[in-house]
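Below you'll find the structure, written out as structure tokens, and then a few comments.
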Amino acid sequence: MTKLVVDQAGYQVEGRQIWHDISFELHDGDWVTVVGPSGGGKSTLLKAIAGLQDITEGHIFLNDEDVMRLPIGDYRQQVSYATQSAQLFGETVRDNLDLPYLVRQQTPNEQQQIAGLEQMDLPADYLDKAVTELSGGERQRVGVLRNLLFPPKVLLLDEISTGLDAETKQVIWRAIHALHARERLIVLSVTHDEGEIADAQDILTIQNGEGARRHEQSN
């Protein structure tokens, strides 16, 4: 059982309150879509949960442990953060898909990597394709796959579909939904996409520095 708790969290920068007193509790299988106006601090909230940004008020707990006290390397293996523009490194796709294994001191599993590529509608020979030769949509597929090779307990998605064509969006979301259904991980997804918002069953709106959560039962 995984439990993520955000308890009266707040964030200030240069004396300006971005948001305050945000509280919610999530468990295995929960999927919350985070919405609100641009500049309202949605991405900052995800970065705080990811351990990439310190909050200035309140606490964030993973399984009853304050995330500020957890070893950051171990924590980031449990809480994975994917962004709008995947930051690839090295020379090849393999360099990027090897990373999740290497940080866990494991030998890369080429068969698993190829299966992941195929799930992203990319051929097996892309494993040795230069990252400089990838299109924007292909880069995003590889970046998201890198986050999914080892299913995290919490998956944070920061506008990952922005600017992508319809086919790439479909491929990426299909892979994420399949993983969510299989592993029952917690997902928080920031989006401005009206279709994604319309399909959301659980919404957290961050507006005017406050967060309000609305849960809707499935049809």
Which residues does the label zone of His177 cover in region 97-126, counting backbone N under 16 Å from a point 7 Å along Cα→Cβ?
120-121
Mind listing the phi-derived Karplus ³J(HN,Hα) values for region 12-21, rounded to whole Hz, using 6.51, -1.76 and 1.60 with θ = phi - 60°, and x for any glycine or proline?
10, 9, 6, x, 9, 7, 7, 8, 8, 6
One point scatterer per Cα, no solvent, Debye formula: log10 I(q)/I(0) for region 96-219 at q = 0.12, 0.13, 0.15, 0.16 Å⁻¹ comes out as -0.52, -0.60, -0.78, -0.87
Mind checking which of Tyr101, Thr162, Ala175 is farthest towards the positive end of the chain's charge dipole, using Cβ charges of +1 (Lys, Arg) and -1 (Asp, Glu) about the Cα centre?
Tyr101
Partner aspartates and glutamates whose C-alpha sits under 12 Å from that of Lys47, ignoring same-chain residues fewer than 8 away, are Asp158
Viscosity 1.306 mPa s, temperature 10 °C: Stokes-Einstein D of region 153-219 from its Kirkwood Cα radius, in µm² per second?
120
Which distance in nm do the two modelled labels at Gln12 and Asn208 give, with both placed 7 Å along the Cα-to-Cβ direction?
2.1
Read phi for every residue in region 187-201 and hand back ³J(HN,Hα) as whole Hz from Karplus 6.51 cos²θ - 1.76 cosθ + 1.60, θ = phi - 60°, with x for Gly and Pro.
10, 10, 10, 8, 8, 10, 6, 5, x, 5, 5, 5, 7, 5, 9
Reduced to Cα centres, the span from region 111-173 to region 1-68 in Å works out to 26
What is the diffusion coefficient of region 1-111 in µm²/s, taking the Kirkwood radius over Cα pairs and the Stokes-Einstein relation at 20 °C with a viscosity of 1.002 mPa s?
134
Whole-percent pair-distance distribution, where bins are 10 Å wide, for the alpha carbons of region 57-152:
15, 45, 26, 12, 2
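Only four residue types carry charge here, +1 at the Cβ of Lys and Arg and -1 at the Cβ of Asp and Glu. Report the dipole size of region 21-62 about the Cα centre in Debye, rounded to the nearest 20. Before the final figure, lay out the partial values.
Working: 2 positive and 6 negative charges, 49 e Å.
Approximately 240 debye in magnitude.
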With P(r) over Cα pairs in 5 Å bins from 0, in percent in mind, check [x] 1, 6, 12, 13, 11, 7, 4, 3, 3, 4, 6, 8, 8, 6, 4, 2, 0; [y] 1, 7, 15, 19, 20, 16, 12, 8, 3, 1, 0; [z] 1, 7, 14, 18, 22, 19, 12, 5, 1, 0 and report the label derived from this structure.
[y]
How charged is the neighbourhood of Asp74? Take every other residue with its Cβ under 12 Å from the Cβ of Asp74, and add Lys/Arg as +1 and Asp/Glu as -1.
+3
Counting other Cβ atoms within 10 Å, which chymotrypsin sites (Phe, Trp or Tyr not before Pro) in region 88-180 have at most 10 and lie in a DSSP loop?
Phe89
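If you stretched the chain out fully between Asp125 and Gln105, how much longer would it get, using 0.36 nm times the residue separation minus the C-alpha to C-alpha distance? Provide the component values of the computation, followed by the final result.
Numbers: separation 20, 0.36 × 20 = 7.20 nm, distance 2.48 nm.
Fully extending the segment from Asp125 to Gln105 adds 4.7 nm.
Provide the three semi-axes, in whole Å and in decreasing order, of the ellipsoid equivalent to region 81-129 as defined by the square roots of 5 times the Cα gyration tensor eigenvalues. Before the final figure, lay out the partial values.
On the way: eigenvalues 50, 47, 24 Å².
Equivalent ellipsoid semi-axes, largest first: 16, 15, 11 Å.
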Starting from the exponent 0.38 and prefactor 2.2 Å, build the expected Rg for region 104-152 from its residue count and divide its actual Cα Rg by it.
1.12
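Read the figures in this text as sums done on the coordinates, not as results from a lab. Just so you know, these numbers come straight off a predicted model, no measurement behind them. FYI the Cβ positions are ideal-geometry reconstructions off the backbone, even for glycines, and counts take in every protein chain you see.
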